[in-house]
Amino acid sequence: MQDNMETAGQGPKRISEHIIEIVSDSGEGAQKAGQTFGSLSAKMGNGVWTVEIIPAEIKPPARSKAGASGIRIRFGDHQITNMGDEADLVVAFNGQVLYGRFDQHAYKAGTILLIESKWANDPVPEIREQYAAALEMFKEKGLIIHELPFEDACLEITPNPRLGKNMFVLGMLSYIYQRDLQIAKDNIAYIFRKKAQKVVDLNHALLDRGYAFAKQHVPTYCWEVPGRENPGATIVSNGNEAAAMGIMAAGIELVAMYPITPATSVSHFLAEHLYKVGGFMHQAEDESAAAGFAIGASYAGLTAATITSGPGLALKTEMLGLATMAEVPLVVVLVQRGGPSTGLPTKVEQSDLLAVLYGQAGDAPKIAIASSTIEECFHDVILARKLAEEYRTPVYVLSDTNLATGVSQYPRPELKEEWLAAPLDQSDWPEGVRPYEWDPNTGLSPRPVPGQRGGEYTLTGLAHTEESHVAYDPEVNQRSSTMRSLKFATLQRTLTPPEIKGEDQGDLLIVGWGSTRGSIEEAVLRAQKDGYKVSSTHIRIISPMQPGLKEMFKKFKQVITVEINYSDPAPGGNFTEENRRRAQLAQLLREQTLMDIDSWSNVHGQPIRPGLIYNEIVRRLAH
Amino acid sequence: MFGLKADWSLEVQNRYFTLEDYNDGVARWCPGCGDHTILTAVQRILRDHQVPPEKTMVVSGIGCSSRFPHYMATYGFHGLHGRAFPVAEGIKSRRPDLTMFVTTGDGDCCSIGAGHWVHAVRYNMDMTVIMFNNEIYGLTKKQTSPTSRAGLKTNTHPRGSFLPPINPASSTLGMTNASFFAQTVDWNSAHLNATLEAAFNHRGFSFVHVLQRCTAYTSYLFDGMQADPNTLALLTGPGSIDLDPSVARIFKNRIEHDPSDIHAARRVAETTDPFPIGILYQDASKPVYDDHSNEGLGTPPEAKIKAMNKVLDLFSI
Ligand SMILES: Cc1ncc(C[n+]2csc(CCOP(=O)(O)OP(=O)(O)O)c2C)c(N)n1
Ligand code: SF4
Ligand SMILES: [Mg+2]
């Protein structure tokens, strides 16, 4: 992390990266300012990760402790893969909203705070007292505080500073980080393109005023975060938007869903855009119906998708068992949240892995892909559709709230016709080929589609023969179960081991899956630089499991997983070495490798920050 | 149609379908079970309309009645208990070319599938739905169904079921966007055929409630009705089913009824003794969800990629 030392000399000081937060009451436009800053920085070649700070309540009262609304922007001269540790600089519109951020460990001693000063002179004594108390607390925490009259400065330009303050803040940040004002102005013009020119002019004026204001009040806060070489055509989106675009790019024409946080925004996107590529999004009466609808559409020819989160997954369970048993391709996009039950709807957790793999009654193996970057959220859906069709089975793509809400840039995908589903096949079905003509070597079988003459059969969720006839005899059930399992063995044989980051041997290997990748790799790199013999690997295809793990793990003294799901603390009290429950991937890996793989995990509802992982590495390796 | 390769249409004159072309094997229901007559009735309709078997879809849930697709030589989907409707809707959503039947039991539809039933009526997708009401759970051996009469002794209520039964007619007609509801009985083939024919010809969710004899568990419930046609009331008048006069003659109880009048339909739905048979309600002008879900079918790949690139543009910097 870069230091925050004020530059004594002339001109901006070069830094590698910074983390900024803008925090306000909701409705003050902090998020818009932050998004604009993020896209402006991406345009200037910076790596950027932004994530919104959402108030705990839907309509919190002004200046309430639960009301923090805003945005965090981490940007640098390199690719940014996660939201990082504590912020370097915070702009706050009042003091109250910052309390909650301390609970999230968002700030450290030395974090610069630029805060609206008008509360010091508020006519209401209670407000003055609250403001003073907040500043007192922040001072104790070691923040470097600058009380500044943002609103007075805005009043010079607009009678309604509440609405304009955000562009003023964007101007301040543009001075502090030496942003290209012309790009900022173009962005503003784009945001207000549907408004009158005078609205654009006003916001441009606020931007300029903010720039001058920062230069006047905090002239030494002036940094340069150099951009990279032109990275080529670039997309900026969050993981849910990426997944939705992946669905469209995969040629999935039918998506059925029921609203649930945090998956819903995938459907909002599709509701707005899917029809443009000739598709349809169905909002079903519940998640079971959504899965059934998608299965129906898939059965009838073109692989469909359903989208959900925790409780919705629970409701889809029965339908997904049917799809596995009757071998109906299906793409399931699962955006994980905190569980069990309704759990933590808006928070980050990776705790549905075992539910995905083992949620059905009976033996129901399935394919599970875990996206580890926003870009993978796009590409994994395309892969999932192909696998679903080839292996005639449901394929889960797992992401989580961290990827769903994080916004970052990635190379614009070059759309390919081969990504699209093949058109509906209505040719005559080859004579003599049965609806489950299992290849004894692979378990795979071609699938007749309604409309294909000669392929008529009745699909059933009951045990069935190759003819799809209901059959309960021992041999048929044993054989059909084997054939369904064989498909996964066949797929597994085509997979390659995951890549190792760092040396292929050492004292510690960290194994991760899903959205923790950015933080894990950042922490490991830091620890490697500090001389620790630590490496990491990230598993993308969890079921069937990528091969070669045991060979890889053997070369490390310790192997642990880092995950965002529950595991018991170290032995003590009733928790013993024997009964201790480990994190979910660790359970799978222990079974897979018969090795003593430990886990380090928590359920704080937050992305795991690189600093915490670094500390764990040091704790395990420092003798 | 919609970019589908409809190559069978070229040789349609060369294909003539007989009842056998829709029949797959020997149906394994109990002898005398009402399901047999319904199976024959559906096969007759398909034959009469010369629907190619490969273009016919029968979707069901779980129950004796839901075994139906296995005895048809068409495409079939024998899915989950209570969940035939969502699957049928999904199939139909992108395949307007398929002729869709749904077969469901009283437990399948009115109990475990009740949530889907409400919404299926409202979606009003183009399908013919046959609800086999034997007032009992047949497959799982004589448990109480929501349509079981109060006092019926079953394995789950050996002292008699506690509550009055759900009335499928008034329930369906109470739901928004209902577009077709008819009732009939399995033991009068002529009436059954004519009713299913009317349902088949209706575009939308055509719901046919059939009283069905379960010889294993509840046939005695319908013995009286079977013996005495006066326990039934034939709905007559403009818009009623097309029934042969020789058959109509046996029904002495008649209700002159206008099936386009929802209020009259709801009044008729409330009467169960005598049990009204025929079309209670029909309105072909109700919105059908298919018209939305079919949108964009057959969009060529180049058009998709072009549109998709425009969407990517929105997120490009
Ligand atoms: C989720 C689930 N719960 C319960 C069952 C067991 N079950 C199968 S059929 C059935 C009732 C069938 O009754 P009905 O729908 O009236 O059909 P019938 O056999 O009378 O034609 C039940 C309870 C099941 N298959 N799935
Ligand atoms: S148990 Fe009843 S409903 Fe089931 S097949 Fe036998 S007679 Fe028919
Ligand atoms: Mg029944």
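Every number here is computed from the coordinates shown, using simple stated rules; none is lab data. Since we're looking at a predicted model, the values are computed, not measured. We place every Cβ from the backbone using ideal geometry, glycine too, and count neighbours over all the protein chains shown.
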- Dipole magnitude of the stretch B:19-314 about its Cα centre, charges +1 at Lys/Arg Cβ and -1 at Asp/Glu Cβ only, in debye to the nearest 20? 740 debye
- For the A:Glu591, A:His105 Cβ pair and Förster radius 41 Å, calculated FRET efficiency rounded to 0.05 is 0.75
- Query: Which net charge results when you count Lys and Arg as +1 and Asp and Glu as -1 among the other residues whose beta-carbon is under 11 Å from that of B:Ala27?
  - Reply: 0
- Item | Cβ-based charge dipole, chain B, positive-most Cα from B:Asn155, B:Phe132, B:Thr172 | B:Asn155
- Message: Could you tell me the relative contact order of the stretch B:258-317? Use alpha-carbon pairs under 8 Å, at least six residues apart, and round to a whole percent.
- Response: 27 percent
- The residues A:Val23, B:Val268, sorted from fewest to most surrounding Cβ atoms within 10 Å, come out as B:Val268, A:Val23
- For A:Gln197 and B:Glu295, FRET efficiency with R0 = 60 Å and r from the beta-carbon atoms, rounded to 0.05? 0.95
- Over the stretch B:155-247, relative contact order from alpha-carbon pairs under 8 Å, at least 6 apart, %: 26 percent
- Task: Answer with one residue from A:Leu207, A:Leu143, A:Leu98: the one whose Cα lies farthest towards the positive end of the charge dipole of the stretch A:87-233, charges on Cβ with Lys, Arg +1 and Asp, Glu -1.
- Result: A:Leu207
- If r is the Cβ-Cβ distance from A:Thr234 to A:Ala212 and R0 is 25 Å, what FRET efficiency results, to the nearest 0.05? 0.20
- Query: Roughly how many debye, to the nearest 20, is the charge dipole of the stretch A:2-224 about its Cα centre, given +1 on each Lys and Arg Cβ, -1 on each Asp and Glu Cβ, and no other charges?
  - Reply: 700 debye
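So which GluC sites (Glu not before Pro) in the stretch B:245-317 pass both tests, a DSSP loop state and at most 11 other Cβ atoms within 10 Å of the Cβ?
none
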- Message: Can you return the lysines within cross-link range of A:Lys554? Criterion is Cα-Cα under 19 Å, with same-chain partners fewer than 8 residues away left out.
- Response: A:Lys501, A:Lys533
- Task: Using label points projected 7 Å from each Cα along Cα→Cβ, tell me how many nm separate A:Glu417 and B:Asp48, to one decimal.
- Result: 4.7 nm
- More than 18 Å apart - percent of Cα-Cα pairs taken over the stretch A:438-553: 65 percent
- Message: Below 8 Å between Cα atoms, with a sequence gap of 6+, how large is the relative contact order for the stretch A:500-621 in percent?
- Response: 31 percent
- Item | Of A:Lys65/A:Lys165; A:Lys118/A:Lys347; A:Lys65/A:Lys141; A:Lys43/A:Lys141, those spanning more than 24 Å from alpha-carbon to alpha-carbon | A:Lys118/A:Lys347; A:Lys43/A:Lys141
- Roughly how compact is the protein assembly as shown, stated as its Cα Rg over 2.2 N^0.38 Å to two decimals? 1.10
- Have a look at A:Thr460, A:Pro440, A:Pro413 and report the one farthest towards the positive end of the charge dipole of the stretch A:385-481, computed about the Cα centre with Cβ charges (Lys/Arg +1, Asp/Glu -1). A:Pro413
- Query: What is the distance in Å between the Cα centres of the stretch A:205-260 and the stretch A:581-623?
  - Reply: 31 Å
- Note to self: C-alpha centroids of the stretch A:471-497 and the stretch A:298-350 sit apart, in Å, by 22 Å
- Query: Among all the lysines, which ones have a C-alpha under 19 Å from A:Lys487's C-alpha, if same-chain residues fewer than 8 places away are not counted?
  - Reply: A:Lys366, A:Lys386
- What order do you get for A:394-402, A:515-523, A:423-431 when each peptide is scored by the mean count of other beta carbon atoms within 10 Å, highest first? A:394-402, A:515-523, A:423-431
- Answer in debye to the nearest 20: the dipole magnitude of the stretch A:426-494 about its Cα centre, from +1 Lys/Arg and -1 Asp/Glu charges placed on Cβ, is 360 debye
- Lysine pairs in chain B with alpha-carbon atoms under 16 Å apart, 8 or more places apart or on different chains: how many are there? 4
